[in-house]
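Heads up: the structure comes next, in structure tokens.
The values are calculated or read from the model by the stated rules, or taken from the named source; none is laboratory data. For clarity, every value in this text was computed on a predicted model and none was experimentally measured. Glycine gets a Cβ as well: all are built from the backbone with ideal geometry, and neighbour counts include every protein chain shown.
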Amino acid sequence: MNEDLRDLGWANKGGETYARINEAVIRCRDLGHVSTDIDVGPPNRGIEHVVSCKICRYVYRYDSSD
């Protein structure tokens, strides 16, 4: 992971971390930035994702499994 990016943590529903990530993402989209969302595995299952914006300089992760 790029050390120049601020790691916001995991975007699990609820809590302070989720609120901080949500605020950063809303601000980023309002500015018209396009973030990257990379599926990092396991292969072909789409469970863990890493999202980042190089302009806003953040990165966070989410788990899409239920």
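Structure summary
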| item | result |
| --- | --- |
| Flag if residue 5 is surrounded by fewer than 13 Cβ atoms within 10 Å (Cβ to Cβ), in contact (Cβ under 8 Å) with a residue 24 or more places away in the chain and more than 13 Å from residue 62 (Cα to Cα) | no |
| Selection within segment 13-49 - of a type in the set (Ser, Thr, Tyr) and in contact with a Leu (Cβ under 8 Å, 6 or more places away or on another chain) | 17 |
| Residue that is modelled with pLDDT of 85 or more, of a type in the set (Ser, Thr, Tyr) and out of contact with any strand residue (DSSP E or B) (no Cβ under 8 Å at 6 or more places or on another chain), where the choices are 62, 18 | 18 |
| Output for segment 36-55, where each listed residue is crowded, with 17+ Cβ neighbours inside 10 Å and under 13 Å from residue 6 (Cβ atoms) | 51, 52, 53 |
| Where residue 56 falls short, out of the listed (1) in contact with a helix residue (DSSP H, G or I) (Cβ under 9 Å, 6 or more places away or on another chain); (2) of a type outside the set (Ser, Thr, Tyr); (3) in contact (Cβ under 8 Å) with a residue 40 or more places away in the chain | (3) |
